[in-house]
1. How much length would be gained if the chain were fully extended between ARG50 and LYS37, taking 0.36 nm per residue of separation minus their Cα-Cα distance, in nm to one decimal?
2. Taking a ≥ b ≥ c as the square roots of the eigenvalues of the Cα gyration tensor of segment 99-143, is the shape rounded (a/c under 1.5), prolate (a/b larger than b/c) or oblate?
3. Heavy-atom accessible area per residue, segment 1-117, 1.4 Å probe: how many Å²?
4. Does segment 39-128 classify as rounded, prolate or oblate by the C-alpha gyration tensor (a ≥ b ≥ c root eigenvalues; a/c under 1.5 gives rounded; else a/b over b/c gives prolate, otherwise oblate)?
5. What FRET efficiency do you get for ARG90 and ALA139 if R0 is 35 Å and r is their Cβ-Cβ distance, rounded to the nearest 0.05?
6. How about segment 1-97: which chymotrypsin sites (Phe, Trp or Tyr not before Pro) there lie in a loop by DSSP and see at most 15 other Cβ atoms within 10 Å?
7. How far is it, in nm, from the label point at ILE61 to the one at THR74 when both lie 7 Å from their Cα along the line to the Cβ?
8. When only the heavy atoms of the protein chains count and the probe is 1.4 Å, how do ASP98, ASP57, ASP129 rank by accessible area, highest first?
Amino acid sequence: MIVVADASPLRYLVLIAEVEILPGLYGRLLTPPAVVKELSHPRTPEVVRRWIAAPPDWLHIRAPLGPLPEFPATLGVGEREAIALAEETRAEVLLVDDGAGRREAKRRRLATRGTLGILGLAARHGLTDLQTAISGLRATNFRASDEQGCREEQELNPSLQAPRFPDSRGAAGVRKSADAANTSVAPRPPAWFR
């Protein structure tokens, strides 16, 4: 299985001490040099910088071989390289949280999974405790779009509501249940999400 990782899922899984679920789920991962540069930036949390300075054996750094194709200006260089590498290697999944990056990957017919989806998959495989992982994620500056959070949380368990994470605009988003779809008030999230 070929899996390519953008910066955000790596960053947040390191921050919440869940990064070791990745080899359990996917074996080895590829990431491009631009992602390594992002994770090494002085403003990146120190624990993440230390982790990427001595990457684990299962994380392989690989640049796309050819010139980068054209991308929307809204994408950062890390997302561009990750998408290009995923296309080039015909990756089965691209790990990416950025909304514009996910949209571009889908436009290019690449499967994506974000941090929430990774945690959910790991929980289903018994590799993590979802409640603990979500609590840790909520203690960071993690942001999820309503669309991303809803879709990935729906995959976790159709009967659960998505956890409240601020979206990229700073507004808290909660998936409405089918029963509440026609109301303006979102149902209250389960106690373990509060």
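The values are calculated or read from the model by the stated rules, or taken from the named source; none is laboratory data. Bear in mind that the values here come from a model prediction, so they are computed numbers and not experimental data. Here Cβ is always computed from backbone atoms with ideal geometry, including for glycine, and neighbour counts include all displayed protein chains. Just the protein is used for accessible areas: all its heavy atoms, side chains included, with ligands, DNA and RNA removed. Shrake-Rupley method; radii C 1.70, N 1.55, O 1.52, S 1.80 Å.
1. Working: separation 13, 0.36 × 13 = 4.68 nm, distance 1.25 nm.
Between ARG50 and LYS37, full extension yields an extra 3.4 nm.
2. Working: a/c = 6.01, a/b = 1.63, b/c = 3.68.
In terms of gyration-tensor shape, oblate.
3. Values: 5520 Å² over 117 residues.
On a per-residue basis, segment 1-117 sits at 47 Å².
4. Numbers: a/c = 1.60, a/b = 1.17, b/c = 1.37.
It comes out oblate by the Cα gyration axes.
5. Details: r = 36 Å, r/R0 = 1.04.
That pair, ARG90 with ALA139, gives E of 0.45.
6. Numbers: sites: TYR12, TYR26, TRP51, TRP58; in loops: TRP58.
Sparse-neighbourhood loop chymotrypsin sites (Phe, Trp or Tyr not before Pro): TRP58.
7. Output for this residue pair reads 3.0 nm.
8. Details: ASP98 60, ASP57 140, ASP129 80 Å².
Largest accessible area first, the list is ASP57, ASP129, ASP98.
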